[in-house]
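Q: Pasting in a structure now, in structure tokens, and then I'll have a few things to ask.
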Amino acid sequence: MPKEKFERLREAEKRDYLELLLLADPERAMLERYLTAGDMYLVRQGDAPVGAAVVLRLEGERCELKNLAVAPEYQRRGCGGRLVRRLFQLYAGDCAEMLVGTGDCSRGTLCFYQKLGFIYSHTVEQFFIEHYPEPIFEDGLQLRDMIYLKRNLREKPCFVYMLECEDGSLYTGWTNDLAARMRAHAGGIKGAKYTRSNPPVRLAFCEWCPDRSHAMRREAAIKRLSRAQKLALTEQAASLDGIFHHQFADTDL
């Protein structure tokens, strides 16, 4: 897969990618209003535009993700998640909070943002009825209300991981500094009690989590899995690049 390139577009370049943005917001007049005021970013793989985002700065150290679009042939490959996480890093210096709005029937989109650490903020009733001239449908249902989610940009992300040990067992843990925690496990002194007596041989699985609470819940859920289910996760980690998949997923200690 060609290396992804992330870039901010100049004002004169924004409208070259309107068709991509219209995948996420089909109302051109609405799109034109926030496109002019917002910052637009593009992700390419080689020369191909993969995804785009528009972020609008708000008052009070806040910003809003107004548009996130991924080309159909690149969807479900983790491209959108990587783009949003890049925006987290970019805006965390100036903004404490990021907002995003989505339709009340957009269950898949709501789940996507929740996995990235967004939580419910508020609802604007009848938004799609009052602001869009034509009805918009998703999964056979007409969108009516706008559901706003929010994400704290200042909270440090965490990782849930599984280590394969010398005896073939799997150790599950979480950390907010993956590299340091892997060194501690490998060193055997400051690592977990279990890995001191059962030395790890490789990092078999890793998931990105937006904050400590998400990481602790995910760790507990993985620990409840059977060995077969845990092994299935490690196999997926070697081949998939989903929302939570991190670059360390198949790195040896």
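The values are calculated or read from the model by the stated rules, or taken from the named source; none is laboratory data. These numbers come from a predicted model, not from an experiment. Here Cβ is always computed from backbone atoms with ideal geometry, including for glycine, and neighbour counts include all displayed protein chains.
Q: For M162, which of the numbered conditions (1) in the same structural domain as R227 (by TED's automatic domain parsing); (2) out of contact with any helix residue (DSSP H, G or I) (no Cβ under 8 Å at 6 or more places or on another chain) fails to hold?
A: The failed condition is (2).
Q: Within the range 101-126, count every residue that is assigned to a strand (DSSP E or B) and out of contact with any Asp or Glu (no Cβ under 7 Å at 6 or more places or on another chain).
A: Filtering the range 101-126 down to residues assigned to a strand (DSSP E or B) leaves 101-103, 119-124.
In the following step, the residues that additionally are out of contact with any Asp or Glu (no Cβ under 7 Å at 6 or more places or on another chain) were identified as 101-102, 119-122.
Residues that pass the stated criteria total 6.
Q: Sticking with this structure for a sec: Based on what the data block shows, is W208 at pLDDT 90 or above and buried (at least 18 other Cβ atoms within 10 Å of the Cβ)?
A: no
Q: Is there any pair linking a residue in the range 220-232 that is in a helix (DSSP H, G or I) to one that is surrounded by 12 or more Cβ atoms within 10 Å (Cβ to Cβ) and of a type in the set (A, V, I, L, M), with Cβ under 8 Å and at least six apart or on different chains, and which?
A: Qualifying pairs under 8 Å: I222/V160; I222/M162; I222/L233; R227/L170; K230/M162; K230/L170; K230/I222; L231/L170.
Q: For the range 44-82, how many residues are among the basic types (K, R) and touching a Phe, Trp or Tyr at 6+ places or on another chain (Cβ under 7 Å)? So that I can check it myself, show each step before the final result.
A: Taking the range 44-82 first, the residues among the basic types (K, R) are 44, 57, 62, 66, 76-77, 82.
Imposing the further condition that a residue be touching a Phe, Trp or Tyr at 6+ places or on another chain (Cβ under 7 Å) reduces the set to 66.
Selection size over the range 44-82: 1.
Q: Could you say whether any residue in the range 78-100 is farther than 27 Å from I119 by Cα and assigned by TED's automatic domain parsing to the domain that holds D139? Spell out how you get there, then give the answer.
A: Taking the range 78-100 as the starting set, the residues that turn out to be farther than 27 Å from I119 by Cα are none.
Checked against the condition, which is being farther than 27 Å from I119 by Cα and assigned by TED's automatic domain parsing to the domain that holds D139, the range 78-100 yields no hits at all.
Q: Just the residues that are in contact with a helix residue (DSSP H, G or I) (Cβ under 9 Å, 6 or more places away or on another chain) and in contact (Cβ under 8 Å) with a residue 12 or more places away in the chain, please, taken from the range 132-144. Break it down into steps so the answer makes sense when it comes.
A: First, the residues of the range 132-144 that are in contact with a helix residue (DSSP H, G or I) (Cβ under 9 Å, 6 or more places away or on another chain): 132-133, 135-136, 138-139, 142-144.
Y132, P133, I136, E138, D139, Q142, L143, R144 - these are the residues of the range 132-144 that are in contact with a helix residue (DSSP H, G or I) (Cβ under 9 Å, 6 or more places away or on another chain) and in contact (Cβ under 8 Å) with a residue 12 or more places away in the chain.
Q: Is it the case that C95 is without any contact (Cβ under 8 Å) to a residue 60 or more places away in the chain, buried (at least 17 other Cβ atoms within 10 Å of the Cβ), in contact with a Lys or Arg (Cβ under 8 Å, 6 or more places away or on another chain) and part of a strand (DSSP E or B)?
A: No; evaluated as a whole, the condition is false for this residue.
Q: With I147, I129 as the choices, which residue is assigned to a strand (DSSP E or B) and of a type in the set (A, V, I, L, M)? Step through it out loud before you land on a result.
A: Working: I129 fails: assigned to a strand (DSSP E or B).
Criteria check complete, one pass: I147.
Q: Given (1) at pLDDT 95 or above; (2) of a type in the set (A, V, I, L, M, F, W, C); (3) assigned to a helix (DSSP H, G or I), where does C63 come up short, assuming only one miss?
A: Unmet for C63, out of (1) at pLDDT 95 or above; (2) of a type in the set (A, V, I, L, M, F, W, C); (3) assigned to a helix (DSSP H, G or I): (3).
Q: When you go through I147, I129 one by one, which is the residue that is touching a helix residue (DSSP H, G or I) at 6+ places or on another chain (Cβ under 9 Å), surrounded by 12 or more Cβ atoms within 10 Å (Cβ to Cβ), in the same structural domain as C63 (by TED's automatic domain parsing) and β-branched (V, I, T)? Reasoning before the result, please.
A: Values: I129 fails: touching a helix residue (DSSP H, G or I) at 6+ places or on another chain (Cβ under 9 Å).
Being touching a helix residue (DSSP H, G or I) at 6+ places or on another chain (Cβ under 9 Å), surrounded by 12 or more Cβ atoms within 10 Å (Cβ to Cβ), in the same structural domain as C63 (by TED's automatic domain parsing) and β-branched (V, I, T) holds for just one of I147, I129, which is I147.
Q: I'm checking my understanding of the structure. Among residues of the range 162-204 that are in a loop (DSSP other than H, G, I, E, B) and at pLDDT below 85, which one is surrounded by the most Cβ atoms within 10 Å (Cβ to Cβ)?
A: So in the range 162-204, the residues in a loop (DSSP other than H, G, I, E, B) come out as 166-169, 176-177, 188-192, 198-199.
Checking the rest, the ones that are also at pLDDT below 85 come to 177, 188-192.
Working: D177: 12, G188: 12, I189: 6, K190: 11, G191: 20, A192: 16.
Per the criteria, the residue is G191.
Q: Check off (1) in a strand (DSSP E or B); (2) crowded, with 16+ Cβ neighbours inside 10 Å; (3) out of contact with any Cys (no Cβ under 6 Å at 6 or more places or on another chain) for K5 and give me the number that stays unchecked.
A: (2)
Q: Here's a follow-up. Taking the range 94-112 only, how many residues are among the small types (G, A, S) and at pLDDT below 90?
A: Going through the range 94-112, the residues among the small types (G, A, S) turn out to be 96, 101, 103, 106, 108.
Within this subset, residues satisfying the condition of being at pLDDT below 90 are 106, 108.
The qualifying residues number 2.
Q: Restricting to the range 32-53, and then to whatever is assigned to a helix (DSSP H, G or I) and under 23 Å from the mean Cα position of the chain (by Cα), can you tell me which residue is surrounded by the fewest Cβ atoms within 10 Å (Cβ to Cβ)? Can you show your working first?
A: So in the range 32-53, the residues assigned to a helix (DSSP H, G or I) come out as 32-37.
Add one more test, that the residue is under 23 Å from the mean Cα position of the chain (by Cα), and what stays is 34-35.
On the way: Y34: 17, L35: 22.
In this case the residue turns out to be Y34.
Q: Which one of the conditions (1) under 24 Å from L143 (Cβ atoms); (2) in a helix (DSSP H, G or I); (3) touching a residue at least 12 places away in the same chain (Cβ under 8 Å) does L56 fail to meet, given that it meets all the rest?
A: Result: L56 passes all but (2).
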